[in-house]
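Every number in this text was worked out from the coordinates using simple rules, so none of it is lab data. Source: prediction; values computed, not measured. Methodologically, a virtual Cβ is constructed for each residue, glycine included, from the backbone with ideal geometry; neighbour enumeration extends over all protein chains shown.
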Amino acid sequence: MIRRIQIDNFKSLDGFSLPPAGSPPLANFTCLIGANGSGKSTVLQALDFLSHLVRGNFSEWLRERNWTLQELSSKLSGTEQIYIDFRVELQTASTLPVYWHCTFLPGESRISNESVAENGQWLLTTWPGPISLILNDRKSTKEYSGLKYSGSVLSILDDRDLHPSLQQLKRSLGDSLANFELVSPFNLKQDSQPSKAIGAHGENFPGFLHVMSDGIRDRVYTKMKEFFPFVNAIQREEKIDAQIRLSSFEKNMRTLDSMPDYQVSDGISSRHFSDGFTRILAVVAQIESCLTPGPVQTADRILLLDEIENGIHPELMAKFVRYLAEAPVQIIATTHSPLILNYLSDKQAEESVILLYRNSTGRTRSCRYFDLPSAKKKLGILGPGEVYLDTSIEQIAREAEDMERGASAQADAVEL
């Protein structure tokens, strides 16, 4: 899971840290709040771009959004050479933090240097000189030269050669990171070919459920019944053209009584699923599909959810937020809804709710919301969501910037 990330020169994220410098690392569940335009969606976009660098297909990511690389570079930077810089600290199975650093040059469409370190040892370096890699035996070193690749060099290296921590980094930041920022319920509902992943806009979802093992699908459907007790079953059918179609069957439907072996065509087509039902089904499928079997379930999945309250009734949202907060995967979500915060305990809120705001230079900054004195004082009396509702977002953003200035001045004084 991601413990910390620092980003330079990606849109409004310049000199940006999540969580803020000097505070505890990110929790499994992180909820980003802030005014419109504060940078919440930009954080998800930066993480998604980073993921596609690791996969080696960032050009495809740009095409999906109809963006250019030049549009990603911060217009706030005064540097002559424009670059985008990522520094990520991850927690791996070794329990030791792994540090990944890369500098991307939009003008040249490439990473100029990349490195990974663990416990003071370089596991991967690409600059200066040839690419140097610590192999899977944790001792041997291998060097590469003349390689052609797009994005991270990890995208083309054989997993069997990689140190275990590099394998987990590649998995966690690569294919295991799923972004729901662009996902449309309309696309989720459409028939699709079998697929190992949900598309960026929600396409291929029926095909994603189709290729799951029976055990995983059963787990998904069991969880959905907890959210929607009236749903008796969700079935899939492969059509003549190899398209996969989903249908649901509700309790007391005629087909359940008269046709024990009911067909998908007898149910309610996914094209008629409600948006809220479809969004929850897709998120549950993403989470349950990557859990390891056994009493202690762990996963490398990192899930990015934008405005998680959309299309979901408040009472159902309470169950959904608790499910997300307790899931053994890492979730970074954004919201404008005070209700979302009210479904968290005070302790969860203190750990997971992070305010994003623009400072006087226009740069996005982060602050743990309940570290701010005005919010912390109210939390002893009100629930987390009530504090958010009772506090002006503009005033608390100014309070956060004042704290930022004070911390910066204190750091300068220490250096002197």
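Angle between the Cα long axis of helix 214-227 and the longest principal axis of the chain, 0 to 90 degrees, nearest 10? The answer is roughly 90 degrees. Remark on ASN232: its backbone amide H falls under 5 Å from those of PHE249, GLU250, LYS251, a criterion applied only to residues 5 or more positions apart or on other chains, H modelled at 1.01 Å from N. Rounded to the nearest Hz, the phi-derived 3J(HN,Hα) couplings of the stretch 35-51 under the Karplus curve 6.51 cos²θ - 1.76 cosθ + 1.60 (θ = phi - 60°) are 5, 4, x, 7, x, 4, 5, 4, 4, 5, 5, 5, 5, 5, 4, 4, 4, where x marks glycine and proline. Loop-only check: which GluC sites (Glu not before Pro) in the stretch 5-91 are DSSP coil with at most 13 other Cβ within 10 angstrom? Here the sparse-neighbourhood loop sites are GLU80.
Can you give the calculated 222 nm mean residue ellipticity of the chain, where each DSSP H run of n ≥ 4 adds -39,500 (n - 2.57) and the sum is split over every residue, rounded to the nearest 500 deg cm²/dmol? Before the final figure, lay out the partial values.
Numbers: 15 runs with 143 residues, N = 416.
Taken over the chain, the calculation gives -10000 deg cm²/dmol.
Rounded to the nearest 10 degrees, the inclination of helix 275-288 to the longest alpha-carbon principal axis of the chain is 70 degrees.
Need the full-extension length gain, LYS377 to ASP158, defined as separation in residues times 0.36 nm minus the C-alpha distance. One decimal, nm.
Length difference between fully extended and current span is 73.6 nm.
Between ALA21 and GLU108, the modelled label-to-label distance comes to 2.7 nm, taking each label 7 Å out from Cα in the direction of the beta carbon.
Amide H to amide H distances under 5 Å link GLU181 with ASP306, where only residues 5 or more positions off or on other chains count and H is placed in the peptide plane.
Available extension along the chain between ASN119 and ASN359 is 82.9 nm, counting 0.36 nm per residue and deducting the alpha carbon span. Only Cα pairs under 8 Å and 6+ residues apart enter the sum, and on that basis the relative contact order of the chain stands at 19 percent. Site pair ALA242 and TYR149 shows an inter-label distance of 3.1 nm when each label is modelled 7 Å from Cα along Cα→Cβ.
Across the stretch 60-75, coupling constants 3J(HN,Hα) worked out from phi with the 6.51/-1.76/1.60 Karplus curve, θ = phi - 60°, read 5, 4, 5, 5, 4, 9, 6, 10, 10, 4, 5, 6, 7, 5, 5, 8 Hz, and Gly and Pro carry x. Here the Karplus curve 6.51 cos²θ - 1.76 cosθ + 1.60, taken at θ = phi - 60°, turns the phi angles of the stretch 177-183 into couplings of 8, 10, 10, 9, 4, 9, 5 Hz, with x standing for Gly and Pro.
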